[in-house]
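Below is one structure, written out as structure tokens; comments come after it.
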Number of protein chains: 2
Amino acid sequence: MKLIGYFRSSAAYRVRIALNLKGIAVEHASRHLRKGEHRAPDYVALNPQKLVPALVLDSGEVLTQSLAILEYLEETHPEPPLLPRDPVGRARVRALALIPTADIHPIQNLRVMSYLREKFGQTEESAFAWSRHWIETGFDAYEASISTDRRTGAFSHGNAPTMADLCLVPQIFNAARFKVDMTKYPTIQRIHDVCMKHPAFDAARPARQPDAEP
Amino acid sequence: MKLIGYFRSSAAYRVRIALNLKGIAVEHASRHLRKGEHRAPDYVALNPQKLVPALVLDSGEVLTQSLAILEYLEETHPEPPLLPRDPVGRARVRALALIPTADIHPIQNLRVMSYLREKFGQTEESAFAWSRHWIETGFDAYEASISTDRRTGAFSHGNAPTMADLCLVPQIFNAARFKVDMTKYPTIQRIHDVCMKHPAFDAARPARQPDAEP
């Protein structure tokens with residue numbers, strides 16, 4: 001399999017962690033989002049959604065959308081599991097995973113920030129304030145969902161990493177870029193610190209990727 | 001079970017279709033988003049994410065995030081299936097479902113539109129142009145993903161409704177409010193027309209809900 005990503009893409013980062021946790025070796029390729037390489041015809045032919053990541057299977061089939069890829073990896077490489085066994089627990093993990101994936105990241109990613117600057121004439125500062133606002137709104141929701149729930153353990157759900165943590169950690173990395181005050185989110189920060197001691201999370205960090213830039 | 005929604009919420013609309021397709025009878029309750037009823041303390045105690053829908057199980061447990069609820073319904077009420085059986089097909093359906101769910105709707109929902117007007121001082125017209133832009137970007141991706149793929153049938157994947165259609169249809173309803181030109185998306189429009197002839201989709205329409213307003 002080949003993962004086409006970008007070192008700083010939160011969505012690609014989620015998939016890198018999953019591959020590492022499950023011990024699946026893949027070839028890595030990169031599309032430089034700031035240079036627009038995801039809009040090049042050869043990539044659009046692979047992924048008409050013009051987003052990263054894309055996972056190219058050995059059969060040639062192309063999977064897109066990070067959460068769909070995580071579910072695919074879970075179904076085809078079930079160990080170690082990234083979802084609990086009980087349906088209510090699975091629903092909880094998926095709901096947590098969707099907070100960064102649907103409620104935060106899409107509103108403050110590169111293409112949205114570009115629109116704010118180019119079409120609305122917003123300054124860098126006000127575009128940053130926008131990003132911080134949506135990250136904080138989402139982290140408020142995430143923190144409130146885990147801080148007093150007894151199902152929260154060392155990780156967001158229990159004592160092993162799940163899809164929720166895989167989606168949370170890249171958003172925390174992103175939050176640091178926008179200078180979000182993480183002291184407001186002690187449970188999220190605690191889980192982040194546990195995750196980053198895990199080699200699967202550490203190796204997936206943007207700075208450790210071959211296409212990383214300062 | 002009780003579904004707490006809002007007639008015009010795309011996310012609640014997705015879940016209503018699934019419940020209808022699977023023949024699951026639930027109690028319906030509404031939180032008026034424009035009146036801020038989703039921020040009332042009694043609702044925040046149920047769903048600290050302050051979003052609709054929420055599905056309250058008979059056990060009292062509360063499920064949130066429409067896609068997580070759809071997966072829960074699929075796992076606990078497998079017939080008729082809303083996902084195909086093969087992992088690659090399941091990944092395709094989930095990826096399609098994520099286009100409206102993650103890439104369109106979160107960027108142009110009520111709270112984001114409010115920010116544009118209140119913080120950036122955008123006019124109604126420029127906020128509408130914003131919404132249209134993100135709907136069209138997402139529909140371009142959806143149309144390109146289904147128009148020539150042989151797995152597309154009467155519905156987005158094959159000849160029965162899947163999670164992809166459940167997420168697509170509410171976004172088309174939303175697109176009409178923002179006057180998106182649907183002639184650019186013939187495959188999406190064709191699937192929409194097929195869906196709306198299905199009683200499960202028809203009964204889930206915003207206008208058919210008890211809390212509907214003109």
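Within the range A:113-126, can one find any residue that is within 30 Å of A:TYR72 (Cα to Cα) and either modelled with pLDDT of 95 or more or facing chain B (nearest Cβ under 8 Å) (or both)? The answer is no, given that none of the residues of the range A:113-126 is within 30 Å of A:TYR72 (Cα to Cα) and either modelled with pLDDT of 95 or more or facing chain B (nearest Cβ under 8 Å) (or both). Taken over the range A:136-156, the criterion of being β-branched (Val, Ile, Thr), out of contact with any His (no Cβ under 9 Å at 6 or more places or on another chain) and in a helix (DSSP H, G or I) is satisfied by A:THR137 alone. Taking the range A:75-109, which residues are over 26 Å from B:LEU57 (Cα atoms), more than 8 Å from chain B (Cβ to nearest Cβ) and over 14 Å from the mean Cα position of the chain (by Cα)? Within the range A:75-109, A:HIS77, A:PRO78, A:GLU79, A:PRO80 qualify.
Within the range B:52-64, identify whether any single residue is more than 9 Å from every other protein chain (Cβ to nearest Cβ), more than 19 Å from B:LYS22 (Cβ to Cβ) and touching a His at 6+ places or on another chain (Cβ under 8 Å), and answer yes or no. Yes, there is a match, as at least one residue in the range B:52-64 is more than 9 Å from every other protein chain (Cβ to nearest Cβ), more than 19 Å from B:LYS22 (Cβ to Cβ) and touching a His at 6+ places or on another chain (Cβ under 8 Å).
From the list B:ILE191, B:ILE135, the one residue that fits, being of a type in the set (A, V, I, L, M, F, W, C), under 25 Å from B:PHE7 (Cα atoms) and away from chain A (no Cβ under 14 Å), is B:ILE191.
Summed over the range B:76-96, the residues that are surrounded by fewer than 16 Cβ atoms within 10 Å (Cβ to Cβ) and among the basic types (Lys, Arg) give a count of 1.
The set of residues in the range A:176-214 being assigned to a loop (DSSP other than H, G, I, E, B), charged (D, E, K, R) and loosely packed, with under 12 Cβ neighbours inside 10 Å consists of A:LYS179, A:ASP181, A:LYS197, A:GLU213. Of the residues making up the range A:172-184, those that are under 18 Å from the mean Cα position of the chain (by Cα) and closer than 11 Å to A:PHE139 by Cα are A:ILE172, A:ALA175, A:VAL180, A:MET182.
For the residues B:ILE146, B:ILE191, the requirement of being of a type outside the set (D, E, K, R), under 14 Å from B:ARG92 (Cβ atoms) and touching a residue at least 12 places away in the same chain (Cβ under 8 Å) singles out B:ILE146. Of all residues in the range A:111-140, those that are crowded, with 16+ Cβ neighbours inside 10 Å, within 19 Å of A:TYR185 (Cβ to Cβ) and of a type in the set (Gly, Ala, Ser) total 2. Would you pick out the residues in the range B:141-167 that are closer than 19 Å to B:SER66 by Cβ, within 14 Å of chain A (Cβ to nearest Cβ) and either exposed (fewer than 14 other Cβ atoms within 10 Å of the Cβ) or in contact with a Phe, Trp or Tyr (Cβ under 9 Å, 6 or more places away or on another chain) (or both)? Hits for the range B:141-167 are B:TYR142, B:SER156, B:THR162, B:ALA164. If you go through the range A:123-173 and keep only what is of a type in the set (Val, Ile, Thr) and over 27 Å from A:LEU110 (Cα atoms), you end up with A:ILE146, A:THR148, A:THR152.
The values are calculated or read from the model by the stated rules, or taken from the named source; none is laboratory data. Since the model is a prediction, treat every value here as computed from it, not as a measurement. Cβ coordinates were reconstructed from backbone atoms using ideal geometry, including for glycine residues, and neighbour counts include every protein chain displayed.
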